[in-house]
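A quick write-up on the structure given underneath.
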Amino acid sequence: MNTQQLRRLLCSLSILILLPLAGCWSSKEIENLGFIVGTALDLEKKDPDHNGHLLTVTNQFVTSETIGSGTKDGKTQQKAYKNISETGDAALPTLRNMILRIDKRAFAEHSKVLVIGEELARTLNLQQTLDFFIREQEMRPSGLILIARERASGTLESKNLVDIPAFQLIEMTQGHDRTTKILPPMTLTKIQGKLQSGSSFLLQSVSSIKGEIKFTGAAVIKGKTNKLSGFLNEEELEGITWISGKGKGGLVRSFDDEGLPIVYEILSMKSVIKSHVDGNRISFDLIIESEGRIAEHWDVSEKDFENGYLKRAEQASVKEVKRLIRNVLNKMQHTYQADVSGFGNKLRIEYPYVWEKVKKDWDQTFSEVPIRCEVKLTIKDYGTSDH
Amino acid sequence: MLAMSGSSKDRITNLQAAVILVNYILAAGILTLPRTSVEKVKTPDVWITVIIGGLITMIAGVIIVKLSQRYPEKTFYQYSGEIVGKWIGGLLSILIIAYFFTISAYEVRTMAEVTGFFLLEGTPTWAIIMPFMWIGLYLIIGGITPLARLFEMIFPVTIIIFLLVAFLSLGIFEFNNLRPVLGLGVIPVLKGIKTTALAFLGTEVMLLLVAFMKRPEKAVKVVLIGVTVPMVFYVITVVMVIGALSIDGVTTRTWPTLELMRGFEIPGLIFERFESFLLVIWIMQIFTTFTITYYAAALGLSQLLKKDIQPFIYALLPVIYVIAMIPKNINDLFHMGDMVGNVALLLFAVLPLILLLISRLKKGGKA
């Protein structure tokens, strides 16, 4: 081989090397992807032929076709999403079986929400149920977790063709800025620590009534078992928000002496939990402060300009807030025996050594702990009207 | 092209030396440090442990500098023989060379594992490693000055992007996760010191770097700055990660720092994937650590055998590749990291002190 030939050979070889550079190694065309935007997990009735539990996974897909079809000229022919369910005994094999039913490649990088059915949450440890979703790197840990009353797959259905229920759920959690009846969002990132720590916590619960989704209070997850033990209704959730002081807005509706409603709108909220340890006795002080305004009052005879009236309105609201808190404390301590509002966490911070001793059976201990509660509301103004 | 010290073009400024040190220290550890340290400490006081680890590394670094300053314009490979004799000195040099190329292989493999998992799923490991190594080879053939100049470019980019993504995560930060401070006393804090000190591995490069410095008398300052910057990085990292994931959440995550970046979305911002920013600077940091250790190993061989450096650079390439491919799975890889760390503790915390004492007793070098 002379030098000429050698040079030619080398040239053609280097051109060959250039060829694979043109394409991306693992590229996927967007038209061929089925974006999973939400996932619902349900427990099926036990199969007699089967020892374990059966899971139904429902994925909400958004594909290039469904997106286009939803809004064409205001006329809708097809739903904006496509739900596919599959049943199996573990999350991933079930998901992989979906390949048999959908032409698109499932793509979970934009998955936003994970809804877990009531039955499933009651029967199985959440750590096990969520294991795949926490382990899988394609799932974003920023995804939200909700607990459905009854079946989870129902919450991913919508009567309205243009809506994508998974996105609606996300948008609805934003509402926690304006009401005390929604919990701050719990993401996969955050739930890790909760599940590992062995303390009880709350998850937002959602129900589907006649094809419409609604946030309905909170689900109580017991720390010891990581299983659902029951629900708090919306009123009880309001109490939780007051205890945590994490609410950013919302209302308190109370009644004046004549039974007419006064509505107090929360502008700011602050709560301080103080723990006390006296020998073996643990107790807590709960001090809540809030500023707000009168947003609505049906008694036309009252004069907002008088301070005496504002005092009376404040007292009526304080009474209501106290009732809410007492109500939920009673539920936590006696019905569920679960500390879901951060009392234990406060003890951990203020008395670390005591906490080391009691943390194992904290929920039990908590159910007998005395809690004093003090509420102070200040009405700053009363809007633009004095009737 | 002889990379023996003394040739005037192979000189670096003090700033460059500090940047090299910072870039060397910041490497694979930043993604796993929150987990490894929390596993040992088990309280939110990890950030104190990180600071103590940094201070200890500073002391070790100063000892190394003091030793190197006694033999101006000579690297460890050249002066070790003067202290303990040709044979023992040669043996020590070989140990250190082996250490350097093992570290370099370890960094390459970690990089391949993380990019293979998060960024380039489906790309074979060799396809990720090879270009990375070839570019490294291309860089170090030029000697220490191109290395220093590249590091100078990477450094500000790293700082800006890191601070940006770290502070974006403030949205999911919960202060209560970091409390109480010293709740269970100082004992837990002390338990993690070895782990955090190992995260600062890198001061050993001063064994060679002092010889290249234009003003070696300022080398102590270089070490102090070079360790302080990573210390700030690490403290920010553990504080943000623990603040978001809590102590209980950190221990189960393989790559907690990436988990933090993946754990939030900021609506309205054009970008959603903040972990890709972190991965970009992290890969650059791995590259710097890889190249400097690769260079240090090749330089060692060339000075030990008193031959030109170039053939050694090429010869080391397959060696590093083979070592990088040895760990069978991710746990093997973490074990390899621990092992290298333990060796480093002996080689660079204990040995320099002994050598310094011997050198003083023998009145060797420049007093």
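Between residue A:45 and residue A:246, what is the label-to-label distance in nm when each label sits 7 Å out along the Cα-to-Cβ direction?
According to this spin-label approximation, the distance is 3.9 nm.
Please go through the range B:223-299 and write out the chymotrypsin sites (Phe, Trp or Tyr not before Pro) that DSSP classes as loop and that have at most 14 other C-beta atoms within 10 Å.
Within the range B:223-299, the qualifying chymotrypsin sites (Phe, Trp or Tyr not before Pro) (loop, at most 14 other Cβ atoms within 10 Å) are B:271.
Relative contact order of chain B, please, whole-number percent, based on alpha carbon pairs below 8 angstrom and at least 6 residues apart.
40
When only DSSP loop residues count, what trypsin sites (Lys or Arg not before Pro) in the range B:1-102 have their Cβ near at most 12 other Cβ atoms within 10 Å?
B:9
Give me the distance in nm between label points sitting 7 Å out from Cα along the Cα-to-Cβ direction at residue B:335 and residue A:354, one decimal.
Computed distance between label sites residue B:335 and residue A:354 equals 4.6 nm.
Figure the gain on full extension for residue A:4 and residue A:276 (residue separation times 0.36 nm, minus the Cα-Cα span) and round it to one decimal in nm.
Full extension from residue A:4 to residue A:276 adds 88.8 nm.
Considering all projection directions equally, how large on average is the shadow of the alpha-carbon convex hull of chain A, in square nanometres?
With the hull built on Cα positions only, its mean projection is 32.7 nm².
Describe numerically, in nm with one decimal, the distance between label points set 7 Å from Cα along Cα→Cβ at residue A:293 and at residue B:254.
5.3
Given R₀ = 60 Å, FRET efficiency for residue A:285-residue A:122 by Cβ-Cβ distance, to 0.05?
The pair residue A:285/residue A:122 has a calculated efficiency of 0.95.
Nothing charged except the Cβ atoms of Lys and Arg (+1) and of Asp and Glu (-1): what's the magnitude of the dipole of chain B about its Cα centre? Round to the nearest 20 debye.
1520
Which of A:222/B:194; A:82/A:190; A:181/A:360 have a Cα-Cα distance over 32 Å?
Too far apart for the 32 Å limit: A:222/B:194.
Please give the helix A:3-18 orientation as an angle from the longest Cα principal axis of chain A, in degrees from 0 to 90, rounded to the nearest 10.
It is inclined by approximately 30 degrees.
Once you compute Rg and the Kirkwood Rh from C-alpha atoms, what is the Rg to Rh ratio for the protein assembly as shown?
Ratio of gyration radius to Kirkwood radius: 1.06.
Express in nm, to one decimal, how much length is gained between residue A:323 and residue A:90 on full extension, taking 0.36 nm for each residue of separation and deducting their alpha carbon distance.
79.5 nm
Of A:241, A:364, A:307, which is farthest on the positive side of the dipole of the range A:235-387, counting Cα position, with +1 on Lys and Arg Cβ, -1 on Asp and Glu Cβ, and the Cα centre as origin?
The residue sitting farthest along the positive end of the dipole is A:364.
Please report the orientation-averaged projected area of the range B:160-218, defined via the convex hull of its C-alpha atoms, in nm².
7.5
So, R0 is 35 Å and r is the distance between the beta-carbons of residue A:110 and residue A:265; what FRET efficiency does that work out to, to 0.05?
0.45
How many angstrom lie between the C-alpha centres of the range B:40-81 and the range A:297-350?
The range B:40-81 and the range A:297-350 have Cα centres separated by 57 Å.
Positive end of the charge dipole of chain B (Lys, Arg +1 and Asp, Glu -1 on Cβ, about the Cα centre): tell me which of B:47, B:106, B:201 has its Cα farthest that way.
With unit charges placed on the Cβ atoms, the residue in question is B:201.
Ranking A:197, A:27 by Cβ neighbours within 10 Å, fewest first, what do you get?
Placing the least packed residue first, the sequence is A:27, A:197.
In the protein assembly as shown, if the dipole is taken from +1 on Lys/Arg beta carbons and -1 on Asp/Glu beta carbons about the Cα centre, which of B:233, A:32, A:54 is farthest to the positive end?
Looking along the dipole axis, the top candidate is B:233.
Which loop-located trypsin sites (Lys or Arg not before Pro) does the range B:133-242 contain, where loop means any DSSP state but H, G, I, E or B and the Cβ has at most 12 other Cβ atoms within 10 Å?
For trypsin sites (Lys or Arg not before Pro) across the range B:133-242 that sit outside H, G, I, E and B with at most 12 neighbouring Cβ atoms in 10 Å, the list reads B:214.
Under 24 Å from the Cα of residue B:363, which lysines turn up, not counting those fewer than eight places away in the same chain?
B:66, B:74, B:86, B:218
Rank the residues A:136, B:275 as a footprinting-exposure proxy: fewest other Cβ atoms within 10 Å of their Cβ go first.
Ascending Cβ contact count within 10 Å gives the list A:136, B:275.
Taking residue A:274 as the anchor, which aspartates and glutamates have their alpha carbon closer than 17 Å to its alpha carbon, excluding any fewer than eight residues away along the same chain?
The qualifying aspartates and glutamates are A:285, A:289, A:339, A:350, A:368, A:374.
I need the calculated FRET efficiency for the pair residue A:31 and residue A:162, taking r as the beta carbon distance and R₀ as 25 Å, to the nearest 0.05.
Efficiency computed from Cβ-Cβ geometry: 0.75.
Taking only complete DSSP H runs, can you tell me which helices of chain B stretch 18 Å or more along their own long axis by Cα positions and average at least 1.6 on the Kyte-Doolittle scale?
B:46-69, B:125-140, B:144-168, B:219-250, B:310-325
Give the cross-link partners of residue B:306 among the aspartates and glutamates, using a straight C-alpha distance below 15 Å as the criterion and excluding same-chain residues fewer than 8 apart.
none
What does the structure give for A:192-204 when I average, per residue, the other chain Cβ atoms found within 10 Å of the residue Cβ?
Average neighbour count from other chains, rounded to a whole number: 3.
Got a sec? How would B:57, B:36, B:228 order by Cβ neighbour count within 10 Å, fewest to most?
B:228, B:36, B:57
Here, each number is a calculation from the coordinates, and none is a lab measurement. Note that the coordinates shown come from a computational prediction; the quantities given were computed from them, not determined experimentally. As a convention, Cβ positions derive from the backbone with ideal geometry for all residues, glycine included, and neighbour counts pool all protein chains shown.
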